[in-house]
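See structure below.
Bear in mind these aren't lab numbers, they're just calculated from the coordinates by the rules spelled out. Nothing here was measured: the structure is a model prediction, and the numbers come from that model. So basically every Cβ, Gly included, is an ideal-geometry build from the backbone, and we count neighbours across all protein chains shown.
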Amino acid sequence: MKTNKKSPTETNGRAKLSVVSTAKAVAKTQDHRKPVPLNQRKLNFGDKWNYAPAPEDNKHIKIAPRHELFIDGKFVEPSTGKYFDSVNPATEEKLTEIAFAGQSDVDVAVKAARRAYDKVWGKMPGRERGKYLYRIARIIQEKSRELAILETMDGGKTIKESRDVDLPLVAAHFFYHAGWADKLQYAFPGRNPQPLGVVGQIIPWNFPLLMAAWKIAPALACGNTIVIKPAETTSITAMRLAQIFQEAELPEGVVNIVTGAGETGAAIVNHPDVNKIAFTGSTDVGKLIAKSVAGTGKKLTLELGGKAANIIFNDAPIDQAVEGIISGIYFNQGHVCCAGSRLLVQERVFLTVIRKLRDRIQTLRVGNPLDKNTDIGAINSKPQLEKIRELVQSGVDEGAELVQPACELPQKGYWYPPSFLTGVTASHRVAQEEIFGPVLSVMTFRTPEEAVERANNTPYGLSAGVWTDKGSKIFKIVNKLRAGVVWANTYNKFDPTSPFGGYKESGFGREGGLQGLAAYLKFS
Ligand code: NDP
């Protein structure tokens, strides 16, 4: 990333913010022996310390030209005869063709899942189910390098995140739930926990394999069978997971994977023989699903959008908080439902935080997601990039100031530089709507009460962050925040033992931990 050039748009956006010292400017200052104030001193190596390319080797990764549906333990052609392209968002190259499942394919998948539930999985002792889950977890660990590369090629996320975050968590979810499979009566003593039957699951594109693990592992541990639909732009790793299920000799029909578009998801939701729907995605689609399911007796969990407040108090450890802000919003290109996308900074430290943040985003490396040094990979799809651009423009039009480093973005692919908007007010669209990209909306507050009021002033309620030196303040604030997950002096920490989910328009129900298990059980 070049940090010593400014684009014209950036100059406009930075009207009131001082521009970060360029290499030349620093050299000039040093030449004249003018003292640089302590709080402005920083290491600046200009272009003398560029990283050498460190691409992960993907030559050995084989992607079949076509991916079929996975129904009843076999790969089958879709009845529609249709396929759609899956492209690498970093290169715009076609990776493969994915089968488009129609209503009749979903029906066949639900029938297979019902048969598997009635004849095998629903009756199988938890001890035996657990063995399959352990086996799947181990195979995932064995293949984790291949899966991480595929995830990066298919979705645009950086290899360091797919390798070090997504894949370890995918395996951890299977291991964790394997452990519960034969202990459900201890998890819920005296409540006679029983599986629900066939569950329909619909997942998004931001954490393709991880969302599949979040959904599949607890459902299987509890004795349910599954029909799952991955997102259109990121189906490849789900189909690789199907191969892992075959390798693990998971009984036929226990997990069925139907790829396709929104209508494929709707066919699962509306199928009369599905007992539960678990959905992660946008609030708009979540609302549609809630309407379709209402009155049918199907159980429903919805994990929807978010607009989390990351709150920085005057007494926060500022350097750590800045790292927390960075990981809160720029992790996974900001394609994270719980991203800390609204930064609330107490007024006294506002300028310090903004200065440090501005310096820090200059160091983030945007580009080839397969390079191990890349911090920000490709935006998942063209429509998502257009959505980010449109929302950022609305912020600028409404009076916010855009701060962006001048980076050279690759010619091909979908890219957006790490950015933040200052001067945002609560009524701006960028303060209310999910941008789902590497863009932070910055606001200030004076008192803890104001921080809470501002943090809760959103239709969402998925997550939040609190940064302060005082433990008592953490407890006080956290109890007033209407968010399902609150991180204190850290951000974006995930663990299968910890329940995750939201309030208000962020949905309902929890995934992970005991609460996540309960969502796949009925009690008598
Ligand atoms: P969607 O909610 O449309 O997609 C999520 C999943 O639902 C996908 O598998 C999608 O299929 C499927 N789906 C779409 N329509 C229906 C339907 N009517 N019935 C059942 N399933 C359906 O999200 P988008 O991909 O369109 O992203 C739009 C915005 O949503 C993003 O910009 C972001 O703001 C937000 N989002 C939030 C996520 C979160 O984790 N909270 C995750 C993803 C997006 P298909 O992929 O084929 O369309």
State the Cα centre-to-centre distance between segment 290-339 and segment 188-267 in whole Å.
-> 23 Å
Label-point separation in nm, VAL478 to PHE494, each point 7 Å along Cα→Cβ = 2.1 nm
Estimated distance in nm for a label pair at GLU408 and PHE523, the labels positioned 7 Å out from Cα along Cα-to-Cβ = 6.1 nm
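So between ALA64 and ASN192, what do we pick up on full extension, going 0.36 nm a residue minus the alpha carbon distance?
On the way: separation 128, 0.36 × 128 = 46.08 nm, distance 4.49 nm.
The span from ALA64 to ASN192 would gain 41.6 nm if fully extended.
Based on the Cα coordinates of segment 80-146, what is the per residue volume of their convex hull in Å³?
Numbers: hull volume 8.1 nm³, N = 67.
Per residue, the Cα convex hull of segment 80-146 comes to 120 Å³.
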Nearest 10, in degrees from 0 to 90: the angle of helix 283-293 to the longest Cα principal axis of the chain is 20 degrees
Which of the listed residues, ILE236, GLY306, GLN320, is farthest toward the dipole's positive end in the chain, when Lys, Arg count +1 and Asp, Glu count -1 at the beta-carbon?
-> GLN320
Taking the Cα atoms of segment 378-524 alone, what are Rg (to one decimal) and Dmax (as a whole number) in Å?
-> 18.0, 61
Take the Cα pairs of segment 203-318, get the Kirkwood Rh, then feed it into Stokes-Einstein at 10 °C and 1.306 mPa s and tell me D in µm²/s.
-> 101 µm²/s
What is the Cα coordinate range of segment 132-264 on the first, second and third principal axes, sorted by size from largest, in whole angstrom?
-> 47, 33, 24
Kindly state, to the nearest 0.05, the FRET efficiency for LYS82 paired with GLU146, given R0 = 22 Å and r defined as their beta-carbon distance.
-> 0.20
Residues LEU196, LEU344 arranged by fewest to most Cβ contacts within 10 Å | LEU196, LEU344
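List the pairs from LYS298/LYS522; LYS215/LYS480; LYS287/LYS387 whose alpha-carbon separation is above 22 Å, in the order I gave them.
LYS215/LYS480
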Taking a crude spin-label model, label points 7 Å out from Cα along the C-beta direction, the ASP164 to LYS470 distance in nm is 3.5 nm
In whole Å and largest first, what semi-axes does the C-alpha gyration tensor of the chain yield when each eigenvalue is scaled by 5 and square-rooted?
-> 42, 26, 20
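With runs of 4+ DSSP H residues as the only contributors, calculate the mean residue ellipticity of the chain at 222 nm using -39,500 (n - 2.57) per run, divided by the residue total and rounded to the nearest 500. List each step's numbers first, then the result.
Values: 18 runs with 193 residues, N = 524.
That comes out to -11000 deg cm²/dmol.
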